[in-house]
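Below you'll find the structure, written out as structure tokens, and then a few comments.
The values are calculated or read from the model by the stated rules, or taken from the named source; none is laboratory data. If you're wondering where the values come from, they're calculated on a predicted model, not measured in any experiment. Every residue, glycine among them, receives a Cβ derived from its backbone with ideal geometry; neighbour counts consider all protein chains shown.
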Amino acid sequence: MLDMRKRFWLIGFALAISAVANAQWQLQDSHTTADLRGIHYAGGGVAWASGTNGTVLRTLDGGDNWQACAVPPGAEKLDFRGIQAFDANTAIVMSSGKGDLSRLYKTTDGCRTWRLAVKNPDAEGFWDAIRTGDYEDPTAIQDGLNHALILGDSVNGSLRVLEWREGWEERELEQSFYVRRKSEPQEGSFAASNSVLEIARTSQIDPIWKYAFRFASGTANHSYVSILRFENTPTCEPCRAESSRVEVPMAQNSESAGIFSLGFRSDLVGVVVGGDFQKPNATDRTAAISEDGGMSWKLPTVSPNGYRSAVAYDEATKNWITVGPNGTDVSTDDGRNWRAVRPDAALHEAPDANRNWNALSLPFVVGPKGRIGKLDRTHF
């Protein structure tokens, strides 16, 4: 089933539009035909994108101009599924593939050159998502430059959440596991949009826990959100940790179905989206919502209008936005009800601007064959 989860991007999608709202993506020229699945907005008009064939792109002016970065050494055939950017000069890009085809590369000179930071030490492993930052203090940007969490599929019956730190030997990564939770047969995550892993604080849930990691995984018959919490103490070597796994009522009974993206706008309020990528127009169980930090989940009243690969909360408009191959949906009530988006011909919007999307980092969205869009918030 893990092979099925990794091949989903090769399957052609039937496209259909079901639309009742106006809010749109303004298409941009990426100057590439690579399939894009990584996107990260660093702020101040700076964003980085990544995709197939070692492709990395960068914009410094809010997307008016996208430049092609140098291909990292030995990465010409790699699929860069995730990217984390810090500023105009510094970024870490993650490739996904079996064994050492899963890698991290880092640039500090505006992507003129790249350094191989680490390879996956598990020959049977597969990396799905990356998150960077200082876990205890998200405002400590400089510390965040030098370490990252990596979510990987299960190896030898255990799921993997690994930590990479600048300066560690590659061999040491194998010893740096935050999670080696016993997994079900063929349990793994979807490397669809670099958004099945997140770092969060948990003080609203219980002050004893200082911070937490949440990630989504599943099998053909079950969808899960796991939470790993760390104790809130000034010093501890190591801090006491507690983990839990919660079943989510998402689309199931298929290797191609499950959770493809998760997001939280606060410690408590979160949304997951997904569905079955082989049935992109099916609307059953394509999202779920939580109001208690991910400890329980329920279905929305009105679901997104098809399979969705990414979801994000737009702080500027106080709306949730989710995207997929057949469209874009918006929720104004924390995921309880979703309404589809359609282009507005009167505003000269492209007729397909709402669809063919893979990943979000607002205000940007990316998709296959070099598609990049920027959110036009004037219609909210």
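Scanning segment 100-128 for residues that are more than 20 Å from the chain's Cα centre (by Cα), part of a loop (DSSP other than H, G, I, E, B) and among the polar types (S, T, N, Q) yields THR108, THR113. Test ALA353 against the criterion of being under 21 Å from THR32 (Cα atoms), over 18 Å from the mean Cα position of the chain (by Cα) and surrounded by 16 or more Cβ atoms within 10 Å (Cβ to Cβ), and give yes or no. Against the criterion (under 21 Å from THR32 (Cα atoms), over 18 Å from the mean Cα position of the chain (by Cα) and surrounded by 16 or more Cβ atoms within 10 Å (Cβ to Cβ)), ALA353 qualifies. Scoring GLY275 on the criteria (1) in contact with a helix residue (DSSP H, G or I) (Cβ under 9 Å, 6 or more places away or on another chain); (2) within 15 Å of SER303 (Cα to Cα); (3) of a type outside the set (Phe, Trp, Tyr) leaves a single failure, condition (1).
Scanning segment 329-348 for residues being closer than 18 Å to LEU262 by Cβ and not charged (D, E, K, R) gives a total of 4. Taking the listed residues PHE8, PHE80, the one that is surrounded by 16 or more Cβ atoms within 10 Å (Cβ to Cβ) and either at pLDDT below 95 or over 27 Å from ARG308 (Cβ atoms) (or both) is PHE8, with no other qualifying. Going through (1) at pLDDT below 95; (2) more than 18 Å from the chain's Cα centre (by Cα) one by one, ARG285 falls short only on (1). If you filter segment 261-281 down to residues that are among the hydrophobic types (A, V, I, L, M, F, W, C) and out of contact with any strand residue (DSSP E or B) (no Cβ under 6 Å at 6 or more places or on another chain), you find that the one that is modelled with the lowest pLDDT is LEU268. Taken over segment 365-379, the criterion of being in a strand (DSSP E or B) and within 19 Å of ALA191 (Cβ to Cβ) is satisfied by VAL365, VAL366. In segment 317-337, the residues that are without any contact (Cβ under 8 Å) to a residue 60 or more places away in the chain and among the small types (Gly, Ala, Ser) form Cβ pairs under 6 Å with partners that are crowded, with 24+ Cβ neighbours inside 10 Å and not in a strand (DSSP E or B), at six or more places apart or across chains, as follows: GLY324/GLY306; GLY324/TYR307; GLY324/ARG308; GLY324/SER309. Residue pairs whose Cβ atoms lie under 6 Å apart, separated by 6 or more positions or on different chains, with the first residue in segment 155-169 and under 21 Å from ILE199 (Cα atoms) and the second at pLDDT 80 or above and not hydrophobic (A, V, I, L, M, F, W, C), are ARG160/GLY152. The single condition from (1) out of contact with any Lys or Arg (no Cβ under 6 Å at 6 or more places or on another chain); (2) in contact (Cβ under 8 Å) with a residue 40 or more places away in the chain; (3) surrounded by fewer than 23 Cβ atoms within 10 Å (Cβ to Cβ) that ALA282 fails is (2).
Yes/no per residue for (1) among the hydroxyl-bearing types (Ser, Thr, Tyr); (2) at pLDDT 95 or above:
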site: ALA19; (1), (2): no, no
site: ALA23; (1), (2): no, no
site: SER30; (1), (2): yes, yes
site: TRP48; (1), (2): no, yes
site: ASP61; (1), (2): no, yes
site: PHE86; (1), (2): no, no
site: SER96; (1), (2): yes, yes
site: ARG103; (1), (2): no, yes
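Determine if segment 196-218 includes at least one residue that is part of a loop (DSSP other than H, G, I, E, B), at pLDDT 90 or above and crowded, with 18+ Cβ neighbours inside 10 Å. The answer is yes, given that some residue of segment 196-218 is part of a loop (DSSP other than H, G, I, E, B), at pLDDT 90 or above and crowded, with 18+ Cβ neighbours inside 10 Å.
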